[in-house]
1. Which condition breaks for Arg112 when tested against (1) over 20 Å from the mean Cα position of the chain (by Cα); (2) open to solvent by 40 Å² or more (accessible area, probe 1.4 Å)?
2. Step by step: first the residues of the range 256-276, then only those that are small (Gly, Ala, Ser) and either within 15 Å of Ile296 (Cβ to Cβ) or in a strand (DSSP E or B) (or both), then the one that is least open to solvent (accessible area, probe 1.4 Å). Which residue is that?
3. Kindly indicate which of Ala230, Ala249 is farther than 19 Å from Glu319 by Cα and part of a loop (DSSP other than H, G, I, E, B).
4. Please state which of the following conditions Ile114 fails to meet, knowing it meets all the rest: (1) touching a Ser or Thr at 6+ places or on another chain (Cβ under 7 Å); (2) at pLDDT below 90.
5. Does Glu314 fit the bill of being closer than 21 Å to Ile336 by Cβ, in contact with a Pro (Cβ under 9 Å, 6 or more places away or on another chain), among the acidic types (Asp, Glu) and open to solvent by 20 Å² or more (accessible area, probe 1.4 Å)?
6. Looking at the range 117-147 only, could you name the residues that are within 13 Å of His212 (Cα to Cα), open to solvent by less than 50 Å² (accessible area, probe 1.4 Å) and under 22 Å from the mean Cα position of the chain (by Cα)?
7. So which of Val153, Val169 ends up being closer than 22 Å to His205 by Cβ and either part of a strand (DSSP E or B) or open to solvent by 20 Å² or more (accessible area, probe 1.4 Å) (or both)?
8. Given (1) buried (at least 19 other Cβ atoms within 10 Å of the Cβ); (2) in contact (Cβ under 8 Å) with a residue 60 or more places away in the chain, identify the lone condition not met by Pro187.
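The values are calculated or read from the model by the stated rules, or taken from the named source; none is laboratory data. Just so it is clear, the model here is predicted, and its values are computed rather than measured. Methodologically, a virtual Cβ is constructed for each residue, glycine included, from the backbone with ideal geometry; neighbour enumeration extends over all protein chains shown. Side chains included, ligands, DNA and RNA excluded: accessible areas come from the protein's heavy atoms. Shrake-Rupley method; radii C 1.70, N 1.55, O 1.52, S 1.80 Å.
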Amino acid sequence: MKGLILSGGKGTRLRPLTYTSAKQLVPVANKPVLFYGIESLVSAGIREIGIVVGDTHAEIEAAVGDGSRFGAKVTYIPQDAPRGLAHAVSIAEPFLRGSRFVMYLGDNLLQRGINTLVEEYLRLGVDCEILLTRVPNPSSFGVAELDAGGRVVRLVEKPKEPRSDLALVGVYLFNDSVFDAVKAIQPSPRGELEITDAIQWLVDHGRSVHAHLVSGWWKDTGKADDMLEANRTVLDGLDNHAGTPTVDAASRVEGKVFFEGPPGSVVLVDSVVRGPVIIGEGSRIERSFVGPYTAIAAGCRLHRVEIENSIVWEGSTLENVRLRISDSLIGRGVVIRRDPERKPKAHRFLVGDNSEIGIGE
């Protein structure tokens with residue numbers, strides 16, 4: 001089997017972060033979301049992977065390289081504009097033709113990976129397998145309707161009046177029949193070739209489509225709140241604390257805390273770190289509190305700061321911020337410091353790369 005990862009979207013729901021960075025490279029627990037998808041494919045025995053890329057192709061190619069670091073061989077497939085998931089399948093046909101394949105959306109996370117799904121798909125010998133999960137807001141997703149026997153009868157993309165709460169998870173398994181489907185469908189009213197329409201074509205033309213209800217969590221990291229929820233979920237799932245920081249006598253480390261890099265590269269001075277937390281190599285935490293569900297990337301500096309339930313990208317500096325920072329995404333190279341001329345009552349940040357913010361008392 002081969003893998004196809006879609007990484008061509010613009011990430012408009014994560015702006016301003018995605019003005020300067022691909023949404024698939026936003027970190028969850030200090031690892032780009034895209035890397036989780038690549039690792040899932042490799043874990044399932046899939047070594048040949050095509051990645052559909054768009055405007056952010058240079059950044060994605062620089063991060064992933066030829067795939068050898070993951071034990072894979074990566075081929076990049078350019079897409080001139082986001083024209084729908086089925087369009088991505090169409091342009092990848094030369095790479096995929098003749099092989100069953102897994103299509104994986106590059107901003108999705110699955111708790112249990114795809115090993116058992118791939119095994120099931122190959123065992124059943126069906127033309128297509130779709131993953132479904134129950135959601136409280138099905139109108140925001142592609143939705144599947146099943147009959148009493150669990151067979152797929154209808155799929156609709158973002159229906160205004162959903163007839164089911166079963167949303168399509170961003171992982172699909174196909175054989176070559178899907179190429180006939182994408183050639184047969186027309187763009188939707190929003191101008192895209194919808195994968196739901198392609199799968200509906202398979203259903204209508206007697207092809208076998210198997211529905212699998214996902215066990216465990218699934219996260220679509222398309223919005224800021226989704227990113228923070230995914231970060232919490234991944235940090236919760238890490239097994240034990242790891243790494244050895246440089247810690248002075250006035251500092252405390254409580255709960256599951258993961259220090260990246262060689263021993264001593266993370267420095268704690270008169271600070272409390274309460275897990276689950278991950279702190280990247282070369283970061284320095286002074287007179288600060290780092291609370292649960294926080295991911296601090298490499299090379300950051302925190303001084304007289306309280307922070308929790310947040311993601312801080314590499315090389316950022318937070319200093320002398322009097323109110324606690326919470327529920328925030330803070331980009332690369334950001335500087336946030338107290339400005340005594342301003343007097344806010346609370347702080348919440350969604351900050352792009354290389355920004356500088358002055359905070360009042």
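1. Just one mismatch for Arg112, condition (1).
2. If we take residues in the range 256-276 being small (Gly, Ala, Ser) and either within 15 Å of Ile296 (Cβ to Cβ) or in a strand (DSSP E or B) (or both), then Ser271 is least open to solvent (accessible area, probe 1.4 Å).
3. So the residue among Ala230, Ala249 that is farther than 19 Å from Glu319 by Cα and part of a loop (DSSP other than H, G, I, E, B) is Ala249.
4. Against the list (1) touching a Ser or Thr at 6+ places or on another chain (Cβ under 7 Å); (2) at pLDDT below 90, Ile114 comes up short only on (2).
5. yes
6. Leu117, Val118, Glu129, Ile130, Leu131, Leu132, Thr133
7. None of the others qualify; the one that does is Val153.
8. Among (1) buried (at least 19 other Cβ atoms within 10 Å of the Cβ); (2) in contact (Cβ under 8 Å) with a residue 60 or more places away in the chain, the lone unmet condition for Pro187 is (1).
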